Amino acid sequence: MIKYIFFDIDNTLFPTSEFAQLARKNAIRAMIELGLQFNADELYTKLLKIIERLGSNSDQHFNELLRELKVQRPERFIAAAVAAYHNTKTSILPYPEVPRVLLALREHGYKLYVATNGNTIKQWDKLIRLGIALYFEDVFVSEEIGKEKSKEFFDKVLSNLKIKPNECVMIGDKEDKDIVPAKATGMHAIKRGNNGINDFSDLLDILKKL
């Protein structure tokens, strides 16, 4: 019987990819408005390559972009980009059905947790801005656990909580980081997105069948 539900955050509880694209384009627009004389599309392409190289959790994306462009005294442009990026955060929302479904799951007695990769403060920031932080009993982030999501990650989380894997289900959008390692631990797993569920509205019924 399922008692504990773990959720990924990005592209599971809210459309991260859409937000990230909007935030990055707003940051580029802010730099150009401040006087950076480059084409917006060219800057966006360069920025995506830097993000791929440094990783999405790096805080040096805009610094590296301006370094590559050989911009002298880049501080004002970095400040403008960071401000615009963070201002975009005020617009983030969870997927429409998420708050209602989380509330229903709690009312049915399920214990809800988050299991995610990334920076601990950044991931908490997302949950708070989304208005859903208080639905969860606890949040487990790879930075704090000491390893990215894997069988070892989930083993450690379950050990900390002193719960059995067959009583748990992991819900996430990535086969390699959410589904496969959770199943390797003995947990159930449900994928959101391609080849999975696109809406959580039927989640209660799905959980009852596991």
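Values quoted throughout were computed directly from the atomic coordinates according to the rules given, and no laboratory measurement underlies them. Predicted model only: the values in this text are computed from it and were never measured. When we count neighbours, we look across all protein chains shown, and the Cβ atoms used for this are built from the backbone with ideal geometry, even at glycine.
Over what distance in Å are the Cα centres of region 123-143 and region 1-18 separated?
11 Å
Taking a ≥ b ≥ c as the square roots of the Cα gyration tensor eigenvalues, with a/c under 1.5 meaning rounded and otherwise prolate when a/b beats b/c, else oblate, which class fits region 91-181?
Verdict is oblate for region 91-181.
For helix 98-107, what angle does its Cα long axis make with the longest principal axis of the chain, in degrees from 0 to 90 and rounded to 10?
Helix 98-107 sits roughly 30 degrees off the main axis of the chain.
Quick one: dipole size for region 94-183, taken about the Cα centre, charges +1 on Lys/Arg Cβ and -1 on Asp/Glu Cβ, in debye to the nearest 20.
I would put it at about 80 debye.
In degrees between 0 and 90, to the nearest 10, how far off the longest principal axis of the chain does helix 151-161 point, with axes built from Cα atoms?
60 degrees
As a footprinting exposure proxy, order ASP10, ASP205, ASP138 by other Cβ within 10 Å, with the fewest listed first.
Result, fewest neighbours first: ASP205, ASP138, ASP10.
Rounded to the nearest 20 Debye, what is the dipole magnitude of the chain about its Cα centre when Lys and Arg each give +1 and Asp and Glu each give -1 at the C-beta?
For this selection, approximately 160 debye.
Beyond a 31 Å Cα-Cα separation, which of these cross-linked pairs lie in this structure: LYS89/LYS183; LYS111/LYS174; LYS46/LYS151; LYS177/LYS208; LYS126/LYS147?
In this structure, LYS89/LYS183; LYS46/LYS151 lie more than 31 Å apart at Cα.
If the elastic network links every pair of Cα atoms under 10 Å, which of ASN39, ASN26, ASN117 fluctuates the most in the Gaussian network model of the chain?
Taking springs between Cα atoms under 10 Å, the residue moving most is ASN39.
First check a/c for the chain, with a ≥ b ≥ c the square roots of the eigenvalues of its C-alpha gyration tensor; if it is under 1.5, answer rounded, and if not, answer prolate when a/b is larger than b/c or oblate otherwise.
Because a/c hits 1.5 or more and a/b exceeds b/c, the chain counts as prolate.
Run the Debye formula on the Cα coordinates of region 17-91, all scatterers equal and no solvent, and tell me log10 I(q)/I(0) at q = 0.12, 0.16, 0.27 1/Å.
-0.27, -0.49, -1.53
Let's test the formula: R0 of 35 Å, r as the Cβ-Cβ distance of ASP59 and SER159. What FRET efficiency results, to the nearest 0.05?
0.65
With the crude spin-label approximation of a point 7 Å out along Cα→Cβ, what separation in nm comes out for ARG100 versus THR120?
3.6 nm
Simple spin-label model, 7 Å along Cα-to-Cβ: ASP205 to ALA83 in nm?
Once both label points are built, they end up 5.0 nm from each other.
Where does the longest stretch of the chain lie that holds no GluC sites (Glu not before Pro) found in a DSSP loop with 15 or fewer other Cβ atoms within 10 Å?
Counting only loop sites that pass the neighbour cut-off, the longest clear stretch is 1-96.
Counting other beta carbons within 10 Å of each residue's own, what order do HIS61, HIS188, HIS108 fall into, fewest first?
So the ranking, lowest neighbour count to highest, is HIS108, HIS188, HIS61.
What stretch of the chain, leaving out the sites themselves, is the longest with no trypsin sites (Lys or Arg not before Pro) in a DSSP loop having at most 10 other Cβ atoms within 10 Å?
Result, exposed sites excluded: 71-161.
Residues with beta-carbon under 15 Å from that of ASP41, excluding ASP41: net charge, scoring Lys, Arg +1 and Asp, Glu -1?
Every neighbour counted, the sum reads +4.
Name the residue farthest towards the positive end of the dipole of region 17-91 from the options ASN26, ALA83, THR45, assuming +1 on Cβ of Lys and Arg, -1 on Cβ of Asp and Glu, about the Cα centre.
ALA83
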